[in-house]
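Asker: After the structure tokens below, expect a handful of questions from me.
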Amino acid sequence: MTTGRHAACVIGWPVEHSRSPLIHNYWLKRYGIAAEYRREAVRKEEFQAFIGTLAARGYVGANVTVPHKEAAFALSQPDERARAVGAVNTLWLEGNVLRSTNTDVEGFLDNLDVCAPHWDRDAAKALVLGAGGAARAVIYGLLSRGVERIVVANRTASRAEALQRAFGKQVKVADWASLEGELADTALLVNTTTLGMHGQPALTLDLDSLGRHATVADIVYVPVVTPLLAAAKARGLATADGLGMLLHQAVRGFSLWFGKTPEVTGELRALVEADLETAT
Ligand code: ATR
């Protein structure tokens, strides 16, 4: 390390599964930056004390993951998008002030822009499946890009209704049991549920009535090609996967901590993909 304060970390419990060290250390090496990115296994009850001593530990900032995203929000100065999502995943020190944001919003949008460059040309309606933190980030991002109508469907309807109250009248709620009826005029379909994830049931949705210009995005990245994305590809639709979102969401943290906006390269993607394959 060049200075005593030139490191960042991911804080979680458990934290072993996090791919953030692989991503950030790849970039540090690629750009020849003499700094480190580490894993910090921190229990829930120790989180507040830990982030109170970030600077003393040599950290300029951190990622936070399960179970600390809401606590990190309460203990820092969140920006507008973190407030809209209600959770943060990226912290950085500005002098003595601990600031925070939620980079899932731009991770989702930037990946979509790369994978399906014209997704928003006629994006009058998006259908978002799920109503957790990831759905909030996706909805906030889609509204910021001018999508007129966002239909949210969730197994537990009350959580979708809460999103409607939070984001206003451009957000509508659809019945989880009759999703297919929503597809015909959907320009963008986004899965934010855990369905399709390794070890979870697949999302069974017949895509027949989706238009041929529709785009399908999934935030699940294990496996990289989920059954939903495979079905969309088989129909010749544009797709955006969760691995791309994971890589793009890391860009802002790196740039805040280390002063360089890094590139999401094919080489980085292959590196993380290979690591995901060995883990499953
Ligand atoms: P996150 O904050 O990471 O988005 P979450 O709050 O745990 O995670 O949300 C997971 C999403 O997957 C929820 O929308 C959940 O639906 P419920 O709100 O009804 O729990 C959805 N989900 C998980 N398992 C599911 C299943 N078997 N069928 C349908 N939806 C499921």
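The values are calculated or read from the model by the stated rules, or taken from the named source; none is laboratory data. As the structure is a computational prediction, the values presented were derived from the model and not from experiment. Heads up, the Cβs are rebuilt from the backbone with ideal geometry, glycines too, and the neighbour counts pull from every protein chain shown. Only protein heavy atoms, including side chains, enter the accessible area calculation; ligands, DNA and RNA are left aside. Shrake-Rupley method; radii C 1.70, N 1.55, O 1.52, S 1.80 Å.
Asker: Identify the residue in the stretch 89-98 that is of a type outside the set (S, T, N, Q) and at pLDDT 95 or above and, among all such residues, is most open to solvent (accessible area, probe 1.4 Å).
Answerer: Taking the stretch 89-98 first, the residues of a type outside the set (S, T, N, Q) are 91-95, 97-98.
Imposing the further condition that a residue be at pLDDT 95 or above reduces the set to 91-94, 97-98.
Values: L91: 0, W92: 28, L93: 39, E94: 93, V97: 56, L98: 24 Å².
The qualifying residue most open to solvent (accessible area, probe 1.4 Å) is E94.
Results for (1) open to solvent by 60 Å² or more (accessible area, probe 1.4 Å); (2) closer than 24 Å to V264 by Cβ; (3) touching a residue at least 24 places away in the same chain (Cβ under 8 Å), shown as yes or no for each residue.
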{"residue": "V10", "(1), (2), (3)": "no, yes, yes"}
{"residue": "R19", "(1), (2), (3)": "no, yes, yes"}
{"residue": "L22", "(1), (2), (3)": "no, yes, yes"}
{"residue": "Y37", "(1), (2), (3)": "no, yes, yes"}
{"residue": "V42", "(1), (2), (3)": "no, no, yes"}
{"residue": "T53", "(1), (2), (3)": "no, no, no"}
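Asker: Among the residues of the stretch 158-172, how many are open to solvent by less than 80 Å² (accessible area, probe 1.4 Å) and either at pLDDT below 95 or under 18 Å from G133 (Cβ atoms) (or both)?
Answerer: Adding up the residues that qualify gives 9.
Asker: Only one residue in D120, D113, D79, D104 is of a type in the set (D, E, K, R) and in contact with a Ser or Thr (Cβ under 6 Å, 6 or more places away or on another chain). Which one?
Answerer: After ruling out the rest, the residue left standing is D79.
Asker: Here's another thing I want to ask about it. Mind checking which residues of the stretch 217-240 are part of a helix (DSSP H, G or I) and either under 21 Å from A137 (Cβ atoms) or touching a residue at least 24 places away in the same chain (Cβ under 8 Å) (or both)?
Answerer: Here is the first cut: in the stretch 217-240, the residues part of a helix (DSSP H, G or I) are 227-234.
Across the stretch 217-240, the qualifying residues are P227, L228, L229, A231, A232.
Asker: Which numbered condition in (1) closer than 19 Å to D218 by Cα; (2) touching a residue at least 40 places away in the same chain (Cβ under 8 Å) is the only one that R252 fails?
Answerer: All conditions pass for R252, except number (1).
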